[in-house]
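Data first, discussion second: the structure below is written as C-alpha cells.
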Amino acid sequence: MAGLSIEGARKSFGETEVLKGVSIEVADGEFTVIVGPSGCGKSTLLRSVAGLEELTGGRILIGERDVTDLAPSARGIAMVFQSYALYPHLTVYENMAFGLRIAKADKSEIARQVQRAAEILNIESLLGRKPAALSGGQRQRVAIGRAIVRQPEIFLFDEPLSNLDADLRVRMRYEFAALHRTLGTTTLYVTHDQVEAMTLADRIIVLRDGQIEQVGTPRELYERPANIFVAQFLGTPRMNIVPVTVSGAGQATFSDGRIVALPPHAEALSTGTRLSVGIRPEDIAIGAASDALPHRIGFIERLGGLATIHLHGAAGDEPLACQLRDDGSLREGDVVPVLLPADRLHLFDAEGRALHGEARE
Amino acid sequence: MSAADHGREARAGWAMSAPALAAIAAFFVVPAIASLFLSFTDFDIYALADAGNLRFVGFRNYERLIENPLFWKAMGNTLWFVVLGVPFIVALSLFAAMLVNSRWLKWRPVWRVALFAPYVTTLVATAVVWRYLLHTRYGLVNYLLSLFGIAPIDWLGSPNASLPAILIFVGWKTFGYNMIIFLAALQTVPRELDEAARIDGAGWFTRLRHVTLPAIAPTVLLVSVLTVAGMFQLFAEPYVMTQGGPAQSTVTILYFMYEEGFKWWNLGSGAAVAFLLFLCILAVTLVQLKLAKRGGAI
C-alpha cells in the first residue's frame, strides 16, 4: 500500500481548462473524498490518477513512484465506475478474474483471490451468474470485488453509489466504510453528494471550477468552512447567508436596521465594514429573549421528526431556513422570536472568505 | 383480459399488419412460388408468346444443371466469393467503423462521409474508374505494387487475378454501408467497459476480442448474414467489369442464371438456378444462426 500525491495537476480539453493546478496529498490508508458540483473537474482528476486521461501538466506519485506517464494497468490502481462497467458476456467469476487472467497469473492463485474477494463482499453464491442476472447492489459489489482482486495500492471510486436507489445507497455507504476498515487501502472517492462525503471521508477535498476550495476532515469543513462556497456546499438545508454591516463593537446591522450580536473575534472589525454572516439551520433557535428578532413563518417543510421552517425577516432578504424538532405547534404565518446565537455565527468578508477566530469547541 | 378482448386485439393486429403482409405476398411469396413452379417446366421464349407451349418436365431442369460444368464452375466461383469476400468485407467494415469511432481521429464526420460515399455512387461509373485503376500498364494499383517491387498483375485479364480484383471492387463498394451499421453498434458500447479493460491490463487486441466484439456480436452476425446473402447474389460487378471472364473465372451463380434466363431464354432452367441459390443462402444462414446461438451472440 502507498499514499498518493498529486502535484500541480493541470488538464485542458481544447481551450477549456478543467484542472487548474490541483495538488493533493493522500496519506497511506486514508479515505479521501473529492466532492464538488458537476463540472468541477473531480472526475477528470480521478481519471487522471487512473491514467485514463493524460495530464497537461503536473505529476502524480503513488508511494515514491512517479506514475504520470504509466499505463493504467501499471499504476497499481483499481477503479470502480459509476456504471460498474462489468463485462456483460462474462460471469461474475470471470469478471473478477479478468485482470489476473490477462496478467497470466496462476489458475489456482486466481481462484484463491476471487474466492477471497467474494467472501469479503458476500457474493460467493453469485460467482456463476452473468451481470444481467444481478440487481444494482449486487453489480456494485461485483465491481468492487473486481477491484479488490487486483490488490491495488489505491482504490479509485467514481460516484459509485449514484446509480443505486436511496435505501441501497445508505446500506452500501455503510459497507464502504466497513470495507475500508477491513482492507485499509488508500482510497480516493469522487462524489457530488455531500452526505457521502461527510459520512465516508477521513478527509474531504472540496473542488470547484478546477481548483481546491478547502481540504480537511468532515468536521473541520463543517465547523470552519474556508469560504461561503464550502459553507453552503456541505450540510442540508444549506447554511443561511445574510449580508450585514458592522455598526459598532461586536454588533452588525441587517438591511432593515435590526441589530445582531457578532462573535468575539469580530470586535476588531471597523464600523461600516460589509460582511456576510452565515448560520446553519440547526443553530437557529426560536424562543423569547431580549435580543430575539421577530420573523414571520413563510413555509414549513415537515419531515416527520424534523421540520425546516422558512423565516421571513426584513423585506427583500432571503428567508432563513431553520431546522427544529417538529412538535406541530408552529403554524405558517405566525410571527416568532428568532435567536441567532453569536457563537454560532460564521463571518465572511466581501470576497466570501471566512473570518475565523480561534478554534471553536 | 377476456377472450373477446383478446380476439378483438388479435384482429386489430392482423388488420394493421395486413398492408405489409399483402405487399410481401404479392412481391415475394407469389413470385417465389411461381418460380419454384416454373423450375419444373420448360418455360422459354415460345412459352412467353403462347402459354400453350409450356410443358411440365419434372426434374429435368435440375438434372441438366447438375450435368452442366458451367453451373458447377459458377457455383465454385460463388463459393470463393463467399469464403473470401465475407471475412474480407466484414473485417474491412469493422476496421473502418472503429477508425471513425476512435476519439483521436480529427474531422470524423468528413471521414464518415468519405468512407460511406462509395456505397452511394453509381456502380457502372465506379466500375469504369476501377477498370482504369486496375489497368495492367497504366493502373494506379499496379503502380503502387511496383513500389514494393511486385511485378504488374493483369487484374482483369488473368483467370487467377480476376476474382480478387472483383472482390476488391465489391469490398470498396459495399463496406461503407456495413461500416454505418457497425458504427451504430460501437457507439452503444459503454466507454467505461473499454476503460475497465485498460485498467485490467488488456491490450488493444484483447480489448477488441473480449470487450468490443462480444458487445457487438449480434451486429457482427447481422452484417455477416447480409454479406453472405450479398455475396451469393453477386451479379452487377462481374457483369460490368468482366462479363464473367476471363475463362469464366468470374461467372457467379446469379450471372449464370441471368445468362440462362435472358441470354438463352431458358427461363425454366433459370428458375431452377434461382431456387437452388435460395436453398444455398438459406442453408448457410441457418448454419450462421446456429453458430451464433452457440457462441451466445443471440
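The values are calculated or read from the model by the stated rules, or taken from the named source; none is laboratory data. Since we're looking at a predicted model, the values are computed, not measured. So basically every Cβ, Gly included, is an ideal-geometry build from the backbone, and we count neighbours across all protein chains shown.
Hey, could you check the stretch A:48-81 for residues that are in contact (Cβ under 8 Å) with a residue 40 or more places away in the chain and at the interface with chain B (Cβ under 8 Å from one of its Cβ atoms) and say which is nearest to B:Ala217 (Cα to Cα)? Among those that are in contact (Cβ under 8 Å) with a residue 40 or more places away in the chain and at the interface with chain B (Cβ under 8 Å from one of its Cβ atoms), it is A:Phe81. Within the stretch B:258-298, the residues that satisfy the criterion of being within 14 Å of chain A (Cβ to nearest Cβ), surrounded by fewer than 14 Cβ atoms within 10 Å (Cβ to Cβ) and not in a helix (DSSP H, G or I) are B:Gly296, B:Ile298.
State yes or no: is A:Gly128 assigned to a loop (DSSP other than H, G, I, E, B), modelled with pLDDT of 90 or more, more than 20 Å from A:Arg169 (Cα to Cα) and out of contact with any Pro (no Cβ under 6 Å at 6 or more places or on another chain)?
yes
Being surrounded by 15 or more Cβ atoms within 10 Å (Cβ to Cβ), of a type in the set (A, V, I, L, M) and closer than 18 Å to A:Thr253 by Cα: is that true of A:Ala292 here?
Criteria met by A:Ala292.
Of the strands (runs of 3 or more DSSP E) lying entirely inside the stretch A:1-94, the ones with 1 or more residues being over 18 Å from A:His192 (Cα atoms) are found at A:4-13, A:16-26, A:57-62, A:77-80. Of all residues in the stretch A:24-47, those satisfying the criterion of being out of contact with any Ser or Thr (no Cβ under 9 Å at 6 or more places or on another chain), in contact (Cβ under 8 Å) with a residue 60 or more places away in the chain and under 18 Å from A:Gly8 (Cα atoms) are A:Cys40, A:Gly41, A:Ser43, A:Leu45, A:Leu46, A:Arg47.
Please work out if A:Gly14 is over 20 Å from A:Ile77 (Cα atoms), under 19 Å from the mean Cα position of the chain (by Cα) and of a type outside the set (Ser, Thr, Tyr).
no
On inspection, A:Gly58 fails the criterion of being surrounded by 23 or more Cβ atoms within 10 Å (Cβ to Cβ), among the small types (Gly, Ala, Ser) and in contact with a Ser or Thr (Cβ under 9 Å, 6 or more places away or on another chain).
Reported count of residues in the stretch B:126-141, each being touching a helix residue (DSSP H, G or I) at 6+ places or on another chain (Cβ under 9 Å) and either farther than 19 Å from B:Val170 by Cβ or not aliphatic (A, V, I, L, M) (or both), is 8.
Just wondering, is there one or more residues in the stretch A:131-139 that are at pLDDT below 90 and within 22 Å of the chain's Cα centre (by Cα)? Scanning the stretch A:131-139 turns up at least one residue that is at pLDDT below 90 and within 22 Å of the chain's Cα centre (by Cα). Exactly one residue out of A:Ile144, A:Ile205 is of a type in the set (Val, Ile, Thr), surrounded by 24 or more Cβ atoms within 10 Å (Cβ to Cβ), touching a Lys or Arg at 6+ places or on another chain (Cβ under 9 Å) and touching a residue at least 12 places away in the same chain (Cβ under 8 Å), and it is A:Ile205.
If you go through the stretch B:65-72 one residue at a time, do you hit one that is in contact with a Gly (Cβ under 8 Å, 6 or more places away or on another chain), closer than 18 Å to B:Ala271 by Cβ, in a helix (DSSP H, G or I) and in contact (Cβ under 8 Å) with a residue 60 or more places away in the chain? No - not one qualifying residue is present in the stretch B:65-72. All of A:Ala111, A:Ala143, A:Ala118 fail the test of being in a helix (DSSP H, G or I) and within 10 Å of another protein chain (Cβ to nearest Cβ), apart from A:Ala143.
Against the definition (at negative phi and at pLDDT 90 or above), how does B:Val90 come out, yes or no? So B:Val90 passes the test. Close Cβ contacts (under 9 Å, 6 or more residues apart or on different chains) running from residues in the stretch A:292-315 that are more than 18 Å from A:Asp327 (Cβ to Cβ) to residues that are polar (S, T, N, Q) comprise A:Ala314/A:Ser255; A:Ala315/A:Ser255. What is the residue count in the stretch A:104-133 for residues that are within 20 Å of B:Ala196 (Cα to Cα), out of contact with any helix residue (DSSP H, G or I) (no Cβ under 7 Å at 6 or more places or on another chain), in contact (Cβ under 8 Å) with a residue 12 or more places away in the chain and not basic (Lys, Arg)? Residues meeting the conditions: 1. In summary, B:Gly176 fulfils each of the numbered conditions (1) assigned to a helix (DSSP H, G or I); (2) within 14 Å of chain A (Cβ to nearest Cβ) with the single exception of condition (2). For the stretch A:116-134, a residue qualifies if it is more than 25 Å from B:Pro214 (Cβ to Cβ) and of a type outside the set (Asp, Glu), and the qualifying residues are A:Arg116, A:Ile120, A:Asn122. Is at least one residue of the stretch B:44-65 under 23 Å from the mean Cα position of the chain (by Cα), surrounded by 12 or more Cβ atoms within 10 Å (Cβ to Cβ) and over 30 Å from B:Asn178 (Cβ atoms)? Checking the stretch B:44-65: not a single residue is under 23 Å from the mean Cα position of the chain (by Cα), surrounded by 12 or more Cβ atoms within 10 Å (Cβ to Cβ) and over 30 Å from B:Asn178 (Cβ atoms).
Let's see how each residue does on (1) among the β-branched types (Val, Ile, Thr); (2) touching a Phe, Trp or Tyr at 6+ places or on another chain (Cβ under 6 Å); (3) modelled with pLDDT under 90:
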| residue | (1), (2), (3) |
| --- | --- |
| B:Phe27 | no, no, no |
| B:Phe43 | no, no, yes |
| B:Ala49 | no, no, yes |
| B:Gly52 | no, no, yes |
| B:Asn68 | no, no, no |
| B:Val86 | yes, no, no |
| B:Ala114 | no, no, no |
| B:Tyr119 | no, yes, no |
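When the test is whether a residue is among the acidic types (Asp, Glu) and either within 14 Å of chain B (Cβ to nearest Cβ) or crowded, with 21+ Cβ neighbours inside 10 Å (or both), A:Glu94 passes it.
Going by the structure shown, is A:Ser162 over 22 Å from the mean Cα position of the chain (by Cα) and of a type in the set (Gly, Ala, Ser)?
Working: over 22 Å from the mean Cα position of the chain (by Cα): no; of a type in the set (Gly, Ala, Ser): yes.
No: the conditions fail for A:Ser162.
Filtering the stretch B:188-235 to residues that are part of a loop (DSSP other than H, G, I, E, B) and surrounded by fewer than 21 Cβ atoms within 10 Å (Cβ to Cβ) leaves B:Thr188, B:Val189, B:Pro190, B:Gly201, B:Gly203, B:Gln233, B:Phe235.
In this structure, B:Ala151 does not qualify as part of a loop (DSSP other than H, G, I, E, B) and within 14 Å of chain A (Cβ to nearest Cβ).
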